[in-house]
Amino acid sequence: MVEISKRIQQMAPSGTVEMSQKVREMQSQGRDVISLSVGEPDFATPLAVKEAAVAAIREDKANHYTAATGIVPLKKAIIDFHNRKDGLDYELNQVAVFSGAKFTLYTAFQTLLDPGDEVLIPAPYWVSYTEQIKLAQGTPVIVETNYEDNFKVTVQQLEAQRTDKTKILLLTSPSNPTGTFYTRDELTTLGQWAVDNDLLIISDEIYYELMYDNHHSVSIASISPEVQAHTLIVNGLSKSSAMTGWRVGYALGDAGLIKAMADLTTHTTGNLASVSQYAAIAALSSDNDAAKEEMRQKFEDRLELFYPLISEIPGFKCHKAGATFYLFVDVTEAAKRCGYDSVRDFCMAILEEAEVALVSGDDFGAPDYLRFSFATSDDLLVESARRIKTFVESKWK
Ligand code: PMP
Ligand code: GLU
């Protein structure tokens, strides 16, 4: 038997990724499972982005290692994008690209945390944060929020958990899994509190471009130069440009921090795959805005279709998402009335009996909830809501 390190033995594997693997297995056995589990756009990467990658390969630009922080034209494209969106200014030494936003966050925690350093994480939170922080020997400190406040954290809630070990506030706006987002006023209050307490804000903005109802996202870094100096923006192209497989993530922030993260990269991935870097330049260009908008609009149409279908299922309660492609549904009543002791058991029964894959809220620090990803076709959304409704009605006592 090979002995696995205690560090990894103590780590929980990602619930989102595990569920999508389970779906693949069931589908390969011929089961007709609909996956609303993993958060991944079902669209193809825009044609112009793919063509930029093919051209880079043909022109022999993508054969070699690049600088650990990425190629200069890509760093310029990232800076231009944030300038266009939020009026932010960054220098070239304040940006680096990594293999996905997931690995960007991992690299940031490894670079920033010493044993015992605390990171404030408003719950519900994305599944990988806590494990990544523990792997970096930091301490995740969960800050509970309320359904009634649409899961938005307040300064009072944060202050109640702040200690002299608190180093980072991790903010996800728009949020996976809740689909909520903070307004400029709310970000101003949170940003000022972080500055006053000399905390670093890690702002995970991966759903930044998937906003609905004519809202536009705001980066907390744009609140003031002081807040910008206290913020590390983490973003990527997986969601906005349907590029999960290309693994493009990046960070913008303090030059010293970016250099230290790049130094770590020289010992890990070396650099983001060079072909992905050329594709990313095309994805960030304003020429790609129309393709992105088309996908965003489709997600919004799906939300309009799916939200009423899910809300009408007995014992299901949820806010309409304002962003992202997730509905986060309180199913405590339904689980209980259907005879399940926990939402996780309820989730597994829906998978086995209704053949719809969801993610159980305990993976996001919210055990009363189920997460539905509506990044799939209208037909599958309608069919999955029908299956779940039939399942709940058949078990209801
Ligand atoms: N942050 C959040 C909130 C996410 O939902 C995800 C999942 N895609 C990531 C980061 C990582 O994205 P990727 O590694 O695909 O860039
Ligand atoms: N972030 C997506 C999700 O939450 C993709 C899977 C993952 O990396 O967690 O489903």
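The values are calculated or read from the model by the stated rules, or taken from the named source; none is laboratory data. In this text, all values refer to a predicted model and were calculated from it rather than measured experimentally. A quick note on method: Cβ atoms are made from the backbone with ideal geometry, for glycine too, and the neighbour counts reach across all protein chains shown.
The number of residues in the stretch 86-122 that are over 30 Å from ASP368 (Cα atoms), touching a residue at least 12 places away in the same chain (Cβ under 8 Å) and part of a loop (DSSP other than H, G, I, E, B) comes to 7.
Is it the case, given these coordinates, that LYS320 is out of contact with any Lys or Arg (no Cβ under 6 Å at 6 or more places or on another chain) and assigned to a loop (DSSP other than H, G, I, E, B)?
Details: out of contact with any Lys or Arg (no Cβ under 6 Å at 6 or more places or on another chain): yes; assigned to a loop (DSSP other than H, G, I, E, B): yes.
Taking the combined requirement at face value, the residue satisfies it.
Show the residue pairs that are 6+ apart or on different chains and have beta-carbon atoms under 8 Å apart, the first residue being within the stretch 60-82 and touching a residue at least 12 places away in the same chain (Cβ under 8 Å) and under 15 Å from ALA279 (Cβ atoms), the second being among the β-branched types (Val, Ile, Thr) and in a helix (DSSP H, G or I). Pairs that qualify, where the first residue is touching a residue at least 12 places away in the same chain (Cβ under 8 Å) and under 15 Å from ALA279 (Cβ atoms) and the partner is among the β-branched types (Val, Ile, Thr) and in a helix (DSSP H, G or I), are ALA62/VAL275; PRO73/ILE281; LEU74/ILE281; ALA77/ILE281.
Collect the residues in the stretch 37-49 that are more than 10 Å from ligand 2 (Cβ to nearest atom) and buried (at least 19 other Cβ atoms within 10 Å of the Cβ), keeping them in residue-number order. Of everything in the stretch 37-49, those that are more than 10 Å from ligand 2 (Cβ to nearest atom) and buried (at least 19 other Cβ atoms within 10 Å of the Cβ) turn out to be PRO41, THR45, PRO46, VAL49. Could you check, for the stretch 106-118, whether at least one of its residues is under 17 Å from the mean Cα position of the chain (by Cα), under 23 Å from GLY179 (Cβ atoms) and within 16 Å of ligand 1 (Cβ to nearest atom)? For the stretch 106-118, residues under 17 Å from the mean Cα position of the chain (by Cα), under 23 Å from GLY179 (Cβ atoms) and within 16 Å of ligand 1 (Cβ to nearest atom): absent. Please tell me if TYR125 is within 16 Å of ligand 2 (Cβ to nearest atom), among the hydroxyl-bearing types (Ser, Thr, Tyr), buried (at least 19 other Cβ atoms within 10 Å of the Cβ) and assigned to a loop (DSSP other than H, G, I, E, B). Here the answer is yes, as TYR125 does meet what is asked. Taken over the stretch 120-173, residues that are under 16 Å from ILE201 (Cβ atoms), among the small types (Gly, Ala, Ser) and touching a Ser or Thr at 6+ places or on another chain (Cβ under 8 Å) amount to 1.
Condition check ((1) within 16 Å of ligand 2 (Cβ to nearest atom); (2) in contact with a Lys or Arg (Cβ under 7 Å, 6 or more places away or on another chain)) across all residues:
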position: ASN214; (1), (2): no, no
position: ILE223; (1), (2): no, no
position: GLU226; (1), (2): no, no
position: ALA229; (1), (2): no, no
position: GLY236; (1), (2): yes, no
position: SER240; (1), (2): yes, yes
position: TRP246; (1), (2): yes, no
position: LYS259; (1), (2): no, no
position: ALA262; (1), (2): no, no
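Residues of the stretch 220-237 being in contact with a helix residue (DSSP H, G or I) (Cβ under 9 Å, 6 or more places away or on another chain) and over 17 Å from ALA96 (Cβ atoms), which ones?
To start, the set of residues in the stretch 220-237 that are in contact with a helix residue (DSSP H, G or I) (Cβ under 9 Å, 6 or more places away or on another chain) comprises 220-224, 226-237.
Residues satisfying the conditions are ILE220, SER222, ILE223, SER224, GLU226, VAL227, ALA229, HIS230.
Looking only at the stretch 6-22, filter to residues that are surrounded by 14 or more Cβ atoms within 10 Å (Cβ to Cβ) and among the β-branched types (Val, Ile, Thr); which one of those is farthest from ligand 2 (Cβ to nearest atom)? Among residues in the stretch 6-22 that are surrounded by 14 or more Cβ atoms within 10 Å (Cβ to Cβ) and among the β-branched types (Val, Ile, Thr), the one farthest from ligand 2 (Cβ to nearest atom) is VAL17. TYR65 passes every criterion in (1) away from ligand 2 (no atom under 16 Å from the Cβ); (2) part of a helix (DSSP H, G or I); (3) in contact with a Gly (Cβ under 8 Å, 6 or more places away or on another chain) apart from (2).
Only one of GLY70, GLY100 is surrounded by 14 or more Cβ atoms within 10 Å (Cβ to Cβ) and either within 16 Å of ligand 2 (Cβ to nearest atom) or at pLDDT below 95 (or both). Can you tell me which? Steps first, please.
Values: GLY70 fails: either within 16 Å of ligand 2 (Cβ to nearest atom) or at pLDDT below 95 (or both).
Of the residues listed, the single one that is surrounded by 14 or more Cβ atoms within 10 Å (Cβ to Cβ) and either within 16 Å of ligand 2 (Cβ to nearest atom) or at pLDDT below 95 (or both) is GLY100.
Scanning the stretch 262-276 for residues that are polar (S, T, N, Q) and either assigned to a loop (DSSP other than H, G, I, E, B) or under 16 Å from THR111 (Cα atoms) (or both) yields THR265, THR266, THR268, THR269, ASN271. Summed over the stretch 211-224, the residues that are closer than 21 Å to SER238 by Cβ and either among the β-branched types (Val, Ile, Thr) or crowded, with 24+ Cβ neighbours inside 10 Å (or both) give a count of 3.
Quick check, is PRO73 more than 16 Å from ligand 1 (Cβ to nearest atom) and part of a helix (DSSP H, G or I)?
Details: more than 16 Å from ligand 1 (Cβ to nearest atom): yes; part of a helix (DSSP H, G or I): yes.
Judged against the criteria, PRO73 is a match.
Number of residues in the stretch 189-209 that are in a loop (DSSP other than H, G, I, E, B) and either of a type outside the set (A, V, I, L, M, F, W, C) or surrounded by fewer than 24 Cβ atoms within 10 Å (Cβ to Cβ) (or both): the value is 7.
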